Amino acid sequence: MGVVGVLGGRFDPPHLGHVALARTAVERFRIDDLHVTVVADAAHKGADAPAGDRLAMATLAFAGLAAVVELEEHRYTVDALEAAGYDDPIFLIGADQLAAFPTWKEPERVLELARLGVATRPGYAPATTSPRIQIFELEPHPVSSSDIRERVRRGDPVDGLVAPAVAHYIDERRLYRED
């Protein structure tokens, strides 16, 4: 079967930092089967763009990684992992999400269902309390989806922050604009 990796999120929009995290994790953990799950209705925070648009953008963003990009209807990671039934997958997150991990729904169960692959910046290794949490270094990508949405609202370019196909999609569909 090989190693399964799961990168979940709202991807509102997906940016080059998300792609770099996935690419680095695929190499670091020798992931054979990468699943990018676009959460339709995340429990912790709403999305600006409709789920179908976010799914389309994620498909464009991760095209170079041979990933399975799919819409995730479960609002919580634990429920999504339960339903998927993967065999010991690596659930990929950033170090910022690790800090919030204790507040997730059933974090102990998440660690039973998956290992966490945590991307951190070079020289920064957060304290971990579980062998199920594995840290890997990722070159910093100073970009956030909220910053990209704000740039689009202002009419500023997003070149170098998202894949060219994603930038074109945002422009073509007039996403994140006030009008």
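The values are calculated or read from the model by the stated rules, or taken from the named source; none is laboratory data. As the structure is a computational prediction, the values presented were derived from the model and not from experiment. Quick reminder, even Gly has a Cβ in these numbers, built from the backbone with ideal geometry, and neighbours come from all protein chains shown.
Just one of (1) crowded, with 18+ Cβ neighbours inside 10 Å; (2) more than 30 Å from Val152 (Cα to Cα) fails for Thr37. It is (2). Applying the criterion of at least 2 residues that are of a type in the set (Ser, Thr, Tyr) to the helices (runs of 4 or more DSSP H) found wholly in region 82-178 leaves 145-154. The residue of region 145-159 that is surrounded by the fewest Cβ atoms within 10 Å (Cβ to Cβ), among those that are farther than 13 Å from Arg54 by Cα and within 18 Å of the chain's Cα centre (by Cα), is Ser146. Glu106 meets the conditions (1) exposed (fewer than 13 other Cβ atoms within 10 Å of the Cβ); (2) in contact (Cβ under 8 Å) with a residue 24 or more places away in the chain; (3) acidic (Asp, Glu) in every case but one. The failed one is (1).
Val36 - would you say it is out of contact with any Ser or Thr (no Cβ under 7 Å at 6 or more places or on another chain), within 25 Å of Arg174 (Cβ to Cβ) and in a strand (DSSP E or B)? Against the criterion (out of contact with any Ser or Thr (no Cβ under 7 Å at 6 or more places or on another chain), within 25 Å of Arg174 (Cβ to Cβ) and in a strand (DSSP E or B)), Val36 qualifies. The residues of region 39-76 that are farther than 19 Å from Ile170 by Cβ and in a helix (DSSP H, G or I) amount to a single one, Leu65. Scanning region 160-179 for residues that are without any contact (Cβ under 8 Å) to a residue 40 or more places away in the chain and within 17 Å of Arg54 (Cα to Cα) gives Pro164, Ala167, His168, Asp171, Glu172, Arg174, Arg177. Restricting region 8-27 to residues that are in contact with a Phe, Trp or Tyr (Cβ under 8 Å, 6 or more places away or on another chain) and closer than 18 Å to Leu98 by Cα, the residue that is surrounded by the fewest Cβ atoms within 10 Å (Cβ to Cβ) is Thr24.
Consider region 109-144 and keep the residues that are in contact (Cβ under 8 Å) with a residue 24 or more places away in the chain and basic (Lys, Arg). The one that is surrounded by the most Cβ atoms within 10 Å (Cβ to Cβ) is Arg115.
The residues on offer are Gly46, Gly52, and the sole one that is small (Gly, Ala, Ser), at pLDDT 95 or above and out of contact with any Lys or Arg (no Cβ under 7 Å at 6 or more places or on another chain) is Gly52. Among residues of region 90-101 that are touching a residue at least 12 places away in the same chain (Cβ under 8 Å) and farther than 18 Å from His141 by Cβ, those with a beta-carbon under 9 Å from a residue that is assigned to a helix (DSSP H, G or I) and among the small types (Gly, Ala, Ser) at least six positions away or on a different chain give the pairs Ile90/Ala25.
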